[in-house]
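To keep things clear, I will list the structure first and then write my remarks on it.
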Amino acid sequence: MNHELKTRIMKLDLKIQPLSSWITAKAQPLLIAGPCSAETEDQLVATAHLLAATGKVTALRAGIWKPRTRPGEFEGIGSIGLEWLKRAKAETGLPTAVEVATAKHVEEALKAGVDILWVGARSTANPFTVQEIADALKGSDVPVMVKNPVNPDISLWIGALERINNAGITKLAAIHRGFSSYEKTAFRNEPMWDLAINLKTHAPELPIICDPSHISGNRELIPYVSQKALDMDMQGLMIESHIDPSVAWTDAKQQVTPSALSELIDRLTLRQPEVVNTQVKDALAELRNKIDKIDDLVIQKLAERMKIVEQIGNYKKDNGITILQVNRWDEILQKRSNYGKALNLHADFTEKLLELIHSESIRKQTEIMNAGQGEAPVQEQLTHS
C-alpha cells in the first residue's frame, strides 16, 4: 500500500450510528441468513420459517436481483420477490435484507419496506454504480451494508462507504466477502484478512460483517471461516441458507440448510477480548497470532501442493508411468533435508514431515491410477527403506 493511500485511510471520517441502534441480535453472534436467491414464494417463506424457528437469525436475506457473470444464467426473480419478502417478514417477524445494484432497485426495495440494503462486490468496484445508488438513497434512513470489491483494492471499498455515507446514510456497515485471486486455492474468494483488518484499524467505529459463504464457495469451509471471522472481532455473519441446497438455482454448494446452520452456530466459540495485565501475556498473544497465520498458510500451501500432485497422477496414468519414482523421491529427501538443516530444523522432524507429505502424494496418485478399476485397499503403505 502506498503512502498516499495510508494517509487517506488514516483521515477516514465516517459518521456512523452504532450497529446496535439499527439491528438487534436475538442471539450471538449477529446472523443474517437466507437463500442466495429467492426462487419461489414457497421456497422463500418456508426457509424463513425454519430460520426463524432456530432463534439464532437476526435478519432474513435473499437475492432478488442477481448480477451474474455471464448472460443466460438465472438473474433473480425480480420485483415480485419483494412481495414474498414482505410475506416472510409478516409471518416470521424477521427484518429483511436485499442487494441493490441500481437506483431502480433502491426505489423498489424502499417502497416494499425492505429493512436493510447491501451493495454487492461487483457494484462496489464501479464508482459510477455506487454513486447512482447513493443518489437514490438520499433522504432515506435505511441501513446499508457495503461488500468489498471483487478485486483487492481497499480504496474502492472505502470510496463506496464514503459515497453512501455522504448521501446521509449513517446506519452503515461493511461486508467482508473475500477477493478474487489469480491463483486458485481452497477458497472461492481469498479472505485476505489483512485488508479487512486494515479497514477496521482506520475506521474502528465501522461494523464489519463477514460473509463466509462467498469466501468459502463450499459449505465444508463455512465453519472455519465463521470462527476465524469472530476471532478477528467481526460483528456478525452473513450465511446463505436454503431449505434444500441440492436444488438451489444459484450457488448450491455454498448454501446450508437452516438446521445445519443452527448446528454450525452452536459449535462456534464466542471469545471476549483478553484482559492483558503484563507485558509477557501481551508478547505471547502476539507470537501466537503469528503462529496461527503461518499454520493457516502451511495448510493452504499443502492443499495447493496436493492439487499439483493430482495433475501429476493424471499425467502418469495417461502416459503409462509408474507412481513411484525412486530417484525423484531421493532428490526431494536430500534437497529438503539440507534446506531444513540450514533453517535450524531438526533432521528427524524434516524427514518425518517429508515422508508424511510423500505418503499422501502416493495415496492420491494411487486413487487416480485405480479409478474405474475397483476400489483400492483402504490403507496402502509403501516403504522406502
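Please treat every number below as a calculation from the coordinates, not as lab data. It should be emphasised that the depicted structure is a prediction, and the values quoted were computed from it without experimental measurement. Cβ placement follows ideal geometry from the backbone for every residue including glycine, while neighbour counts extend to all protein chains displayed.
VAL114: net charge of surrounding residues, Cβ under 14 Å, Lys/Arg +1, Asp/Glu -1, itself excluded?
+1
Mind listing the phi-derived Karplus ³J(HN,Hα) values for segment 113-130, rounded to whole Hz, using 6.51, -1.76 and 1.60 with θ = phi - 60°, and x for any glycine or proline?
With the stated coefficients, segment 113-130 comes to x, 4, 7, 9, 10, 9, 9, x, 4, 5, 5, 4, 6, 10, x, 5, 5, 4 Hz.
Which ³J(HN,Hα) values, rounded to whole Hz and listed in residue order, are derived for segment 262-269 from phi using the Karplus coefficients 6.51, -1.76 and 1.60 in 6.51 cos²θ - 1.76 cosθ + 1.60 with θ = phi - 60°, glycine and proline given as x?
Values per residue, Gly and Pro as x: 4, 5, 4, 5, 4, 7, 6, 9 Hz.
Rounded to the nearest 0.05, what FRET efficiency do GLU220 and SER337 have when you use their Cβ-Cβ distance and R0 = 41 Å?
Rounded to the nearest 0.05, the efficiency is 0.75.
Counting only residues 5 or more places away or on other chains, whose amide H sits under 5 Å from the amide H of VAL146 once H atoms are built in the peptide plane?
Those qualifying (amide H under 5 Å, at least 5 residues apart or on another chain) are VAL119, ALA173, ALA174, ILE175.
Among the lysines, select those whose C-alpha is under 17 Å from the C-alpha of LYS200, and discard any that sit fewer than 8 residues away in the same chain.
Answer for LYS200, where 17 Å is the Cα cut-off: LYS6, LYS11, LYS15, LYS147, LYS171, LYS228, listed by chain and number.
Taking only the alpha-carbon positions of the chain and ignoring solvent, what does the Debye formula give for the base-10 log of I(q)/I(0) at q = 0.11 Å⁻¹?
-0.88
Can you run phi through the Karplus equation (6.51, -1.76, 1.60; θ = phi - 60°) for segment 75-91 and list ³J(HN,Hα) in whole Hz, with x for Gly and Pro?
Running phi through 6.51 cos²θ - 1.76 cosθ + 1.60 with θ = phi - 60° gives 10, x, 6, x, 4, 4, x, 5, 5, 5, 5, 4, 5, 4, 5, 4, 8 Hz.
What FRET efficiency comes out for SER359 versus GLU73 if R0 is 41 angstrom and r is the Cβ-Cβ distance? Round to the nearest 0.05.
According to the calculation, E is roughly 0.45.
Count charges around PRO127 for me, please; just the other residues with Cβ under 14 Å from its Cβ, Lys/Arg as +1, Asp/Glu as -1.
Charge balance in the 14 Å sphere: -2.
Counting other beta carbons within 10 Å of each Cβ, put LEU82, LEU110 in order, fewest first.
Fewest-to-most ranking of LEU82, LEU110: LEU110, LEU82.
On alpha-carbon atoms, Rg over Rh for segment 259-325 using Kirkwood Rh?
In segment 259-325, Rg relative to Rh is 1.29.
Pulled fully out, how much extra length does the chain show between ASN319 and GLN279, if you take 0.36 nm times their separation in residues and subtract their Cα-Cα distance?
Going from the current span to full extension adds 8.4 nm.
Out of the trypsin sites (Lys or Arg not before Pro) in segment 147-221, which ones are loop residues according to DSSP with at most 16 other C-beta atoms within 10 Å?
Passing both the DSSP loop test and the Cβ count: LYS184.
When the chain is treated as a GNM, springs tying every alpha-carbon pair under 10 Å, which of ALA134, ALA260, ALA252 comes out with the largest mean-square fluctuation?
Comparing ALA134, ALA260, ALA252 in the GNM, the peak value goes to ALA260.
Skipping prolines and chain starts, which residues have an amide H placed within reach, meaning under 5 Å, of the one on CYS36, given they are 5 or more residues away or on another chain?
SER241
Can you give the local net charge around PRO245? Use residues other than it whose beta-carbon is closer than 11 angstrom to its beta-carbon, Lys and Arg +1, Asp and Glu -1.
My count for the surroundings of PRO245 gives -1.
Select from THR350, THR47, THR129 the residue whose mean-square fluctuation is largest in a Gaussian network model of the chain (Cα-Cα springs shorter than 10 Å).
Highest fluctuation of the listed residues: THR350.
Nothing charged except the Cβ atoms of Lys and Arg (+1) and of Asp and Glu (-1): what's the magnitude of the dipole of the chain about its Cα centre? Round to the nearest 20 debye.
Value, rounded to 20: 520 debye.
So how far apart, in nm, are the two label points at GLU304 and LEU268 if each is 7 Å from Cα heading toward Cβ?
Placing both labels 7 Å along Cα→Cβ, they lie 2.8 nm apart.
With n ≥ 4 as the cut-off for DSSP H runs, can you work out [θ] at 222 nm for the chain, using -39500 (n - 2.57) per run divided by the number of residues, rounded to the nearest 500?
The helix-only estimate for the chain comes to -15500 deg cm²/dmol at 222 nm.
Scan around LEU31 for amide H atoms under 5 Å from its own, H built in the peptide plane at 1.01 Å from N, and keep only partners 5 or more places away or cross-chain.
Under 5 Å from the amide H of LEU31: THR58, ALA59, LEU237.
Taking the dipole about the Cα centre of segment 279-370, with the C-beta of Lys and Arg at +1 and of Asp and Glu at -1, give me whichever of SER359, LEU343, ASN289 is farthest to the positive side.
Among SER359, LEU343, ASN289, the one farthest towards the positive end of the dipole of segment 279-370 is LEU343.
Given a Förster distance of 30 angstrom, what is the FRET efficiency for ASP135 paired with GLN28, based on the Cβ-Cβ distance and rounded to 0.05?
0.25
Please arrange GLU310, GLU39 by counting, for each residue, the other beta carbons lying within 10 Å of its beta carbon, fewest first.
GLU310, GLU39
Compute a Gaussian network model of the chain, connecting alpha carbons closer than 10 Å, and tell me which residue from TRP329, TRP157, TRP22 fluctuates the most.
With Cα springs under 10 Å in the chain, the top fluctuation among TRP329, TRP157, TRP22 is at TRP329.
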